[in-house]
Amino acid sequence: MLLVTCLVLVGVSSTLGLDNGLAKTPPMGWLTWERFRCITDCKKYPDECISENLIKRTADFMVSEGYLDAGYEYLGIDDCWLEKKRGPDGRIVPDKERFPNGMKAVADYIHSKGLKFGMYEDYGNLTCAGYPGVLGNERLDIQTFVDWEIDYLKLDGCYIDPMAMDEGYPAFGKMLNETGRQILYSCSWPAYQEPENIHPNYESIAEHCNLWRNWDDIEDSWSSLTSIMNWFGDNQDRLAKHAGPGHWNDPDMLLIGNFGLTIDQARVQMAVWAVLAAPLLMSTDLTTIRPEFKEILLNKDIIAVNQDPMGKQGLRVWKKTGRGSRARLEIWNRELHDDSFALAFVSQRDDGIPYAAEFSFEEMSLPQADYEVYDLYKDEKQRYLKSNEDFGVRINPSGVKFYKFVPKSKVEKSHSSRVATIDAVVNAVLNKD
Ligand code: GLA
């Protein structure tokens, strides 16, 4: 009877929810939008227009420069890849000049490099930039994507009533599932409901999507980055619990390598995105990126925090807002699978003054223990923090210190159990007579 019940439950959950086995850790890759937007004039901007050339060039660099080895495996085209009209057979068609060999050829190139292929469409009548959306042609468009062998679909939500999304996104995901091809499903569902004060049903979203954009589009600036961080911190009680292996909150693309962030600010984004268990989707020109930014994107220890197998989203555990927004200081803390913790100490002050402070265990939301502390950006030497001490940090203006705290309790446990054993032997000897 129990077996039958279990089988029924398994059957029910796999038909209702997304069951593609993907995104056990936050997806990593590259996406055109933030850096290359809707640049379609290849005569004026040959290196920047959304085109086969851009995608192939990026694929080459993702492999040759070590991004794929570091985990960035999805290469995605965002909006503006389409012809404005569907073909005579009703199918969506890639822009003929910019994708002269069609999309399957692009997919084949990406796959030949060992990368996975991401595509963008919109659930409404039109994409956000005004190209044909899938509404009314869902099955046909999914078939087209399967023919092209895509591995990832970002389904945007312009030109559709946000109230219709609670039904629409799961139905579309079900159709994707039914193709039998493993396609990672990125939903923009809550991003269109949150601003309308429609309370998103995150239980359902997490059941039906691998990742979901929650909030505003990120733009290439410190103010945009911090406003998104602040929103995720302010709403973490509603959001964080829905993240986990297979399903993730998405605060949007990485700005790292572009024009709007200093190196310290870029380090902030990488650290906070690691704590948030956020998808790591670069959007930058990998052919011209400065080495200091590249180093941030390829930081293995920080990627390991982001990809921690337990998949528990971290929290902003402490914040202090002084006069104006300048003195804003905050601590973000993520618990990792091996009992260690990743802590980002972020200063949002942009008045050029470094922040120096001492924090108690309570302020850091850290269990009382002795820790070995590693600076994940490797500026500082390893430190040892005793359980009765405060932890001192000095943070650059609009910057971060990002540490891994590894408890020494295991060592202490074995030390204390050894002491206990010796005690027991001594007691046994003393009490013998
Ligand atoms: C929306 C999305 C962006 C991007 C654009 C494309 O604004 O949120 O991430 O996909 O559409 O037009």
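Where a number appears in this text, it was derived from the coordinates with a stated rule and is not lab data. Just so it is clear, the model here is predicted, and its values are computed rather than measured. Note that each Cβ is placed from the backbone with ideal geometry, even for glycine, and that neighbours are counted across all protein chains shown.
For the range 376-382, 3J(HN,Hα) computed residue by residue from phi via the Karplus equation (6.51, -1.76, 1.60; θ = phi - 60°) reads 6, 9, 6, 7, 10, 6, 4 Hz, glycine and proline entered as x. Stokes-Einstein diffusion for the range 28-306, with the hydrodynamic radius set to the Kirkwood value over Cα pairs and evaluated at 37 °C in a medium of 0.692 mPa s, equals 173 µm²/s. Taking a straight Cα-Cα cut-off under 13 Å and skipping sequence neighbours fewer than 8 places away in the same chain, the aspartates and glutamates within cross-link reach of Lys113 are Asp60, Glu65, Asp69, Glu73. Cross-link reach is defined here as a Cα-Cα straight distance under 20 Å, omitting same-chain residues fewer than 8 places apart; for Lys381 the lysines meeting it are Lys300, Lys401, Lys404, Lys408. Using all pairs of distinct alpha-carbon atoms, the Kirkwood hydrodynamic radius of the range 53-114 works out to 12.8 angstrom.
Overall, the anisotropy analysis places the range 142-291 in the oblate class: the square-rooted eigenvalues a ≥ b ≥ c of its C-alpha gyration tensor yield a/c not less than 1.5, with a/b not exceeding b/c.
Bridgeable lysines around Lys174 (alpha carbons under 24 Å apart, same-chain partners fewer than 8 residues away excluded): Lys24, Lys104, Lys116, Lys154, Lys241. From the alpha carbon centroid of the range 132-195 to that of the range 250-298 is 27 Å.
Using only side-chain charges placed at the Cβ, +1 for Lys and Arg and -1 for Asp and Glu, the dipole size of the range 40-87 relative to its Cα centre rounds to 400 debye. Using the Cβ-Cβ distance between Thr179 and Asn388 with R0 = 41 Å, the FRET efficiency computed as 1/(1 + (r/R0)^6) comes to roughly 0.10.
For the range 315-411, a/c is not less than 1.5, where a ≥ b ≥ c are the root eigenvalues of the C-alpha gyration tensor, and a/b tops b/c. That puts it in the prolate class. Put simply, the amide H of Phe359, placed in the peptide plane, has neighbours under 5 Å in Phe391, Gly392, Val393, leaving out anything fewer than 5 places away on its chain.
Where both residues lie in the range 244-376, what percent of DSSP beta bridges are antiparallel, nearest 5? Antiparallel bridges make up about 95 percent of those DSSP assigns within the range 244-376.
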